[in-house]
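Reading through the C-alpha cells given below for one structure.
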Amino acid sequence: MTRLSVNINKIATLRNSRGGDNPNVLKVALDCERFGAQGITVHPRPDERHIRYQDVYDLKEVVTTEFNIEGNPSERKFIDLVLATKPDQVTLVPDALGAITSNAGWDTIANRYLLTELIQEFKAANIRVSVFVDPDPVMVEGAQICGADRVELYTEPYAAYYFENRQKAVIPFVKAAEKAQEVGLGLNAGHDLSLDNLRFLKQCIPWMDEVSIGHALIADALYLGLENTIQMYLRELEL
C-alpha cells in the first residue's frame, strides 16, 4: 500500500497571511486524518514563512498517523527540532535558504560524510530517515551508503513532462525506484504530484511506500472540498 501524506504548509501560509489562527493548522491536520490521510507532512523553513517551529511541537501532540518533518539540516535549529519532537520520519531536503520550494535532490556522493553523520544522529533517536534525491540510481545508491532508510524521489521533472510524453517522463523514476528496491531502501515520492499524474506513477512504481502531496491537493480542495479531495487522491493510489 502506498500511503498518502498530506503536506499542510499551504494551510499555514494562508493562516500567516492574516496574522491570526484561521485556518487552524492543527484542526486541518486532524481533519485530514479523519478524512483518510495516512500521514501529515510539514516543511518548516528558517524564516517560518509557513509552518512555524511551534506548529511542529503542537502537531506532534495531536497527529496520530505518520508524522513526517521535511527540511534542510544545514541549521542546527532544524536538527534540534526533529530530535525534540521525534517524528516517525525526517526527510532531509537540500533546499537553499529563501527558496520558494524544493527544486533539487541531494548529491549523496559529494555530501556523503555530512549525510552519514546526520543520518546516524537521527537514527540513534529511532527516527526513520528519508533522503530527497533526483531520479538518478547513483544518487539513490549513495543514500543507501550513507545509511538512509528511504529515499524520496523529486518528481517535479515527471510532472513537468507528463502531458508531453508520460511514458518517457516516468522512465528515470522507474530506474531510480528499481535501484532503491535493489539496495533495500524504502521509497517515497513527492513534488508536483496531482490528480492528473499520480495514478500513472503508482501504476509504474506500485511498490512506493508513501507520496507526500501538498500544493495540488490543497488547491483542489478549494473547489472540491478537503474530504472529497483526499478521498479522490486515495482512489488514485488504489490498484
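The values are calculated or read from the model by the stated rules, or taken from the named source; none is laboratory data. None of these values were measured; they are calculated from a predicted model. Note: ideal-geometry Cβ built from the backbone for every residue, glycine included; neighbour counts use all protein chains shown. In case anyone asks, the SASA skips ligands and DNA or RNA and just uses the protein heavy atoms, side chains included. Shrake-Rupley method; radii C 1.70, N 1.55, O 1.52, S 1.80 Å.
Assorted remarks:
- Unsatisfied cross-links (Cα-Cα over 27 Å) in the set LYS27/LYS202; LYS168/LYS202; LYS179/LYS202; LYS10/LYS77; LYS60/LYS175: LYS27/LYS202; LYS60/LYS175
- The accessible surface of segment 1-69, taken with every protein chain in place and a 1.4 Å probe, is 49 percent carbon and sulfur.
- Summarising the amide proton neighbourhood of GLY186: residues at separation of 5 or more, or on other chains, whose placed amide H is nearer than 5 Å comprise ARG150, VAL151.
- Viscosity 1.002 mPa s, 20 °C: Kirkwood-radius Stokes-Einstein D of segment 1-154 over Cα pairs, µm²/s: 136 µm²/s
- Across segment 40-47, computed HN-Hα scalar couplings (Karplus, 6.51 cos²θ - 1.76 cosθ + 1.60, θ = phi - 60°) run 10, 10, 10, 9, x, 10, x, 7 Hz from first to last residue, x flagging Gly and Pro.
- Surface exposure of the chain, expressed per residue as accessible area with a 1.4 Å probe, stands at 45 Å².
- Scattering profile of segment 101-239 at q = 0.10, 0.13, 0.19 Å⁻¹ [log10 I(q)/I(0), Debye over alpha-carbon scatterers]: -0.34, -0.57, -1.08
- The modelled label-to-label distance between VAL174 and TRP207, using points 7 Å beyond Cα along the C-beta direction, is 1.5 nm.
- FRET efficiency, ASP196 to ALA104 (Cβ-Cβ, R0 30 Å, nearest 0.05): 0.85
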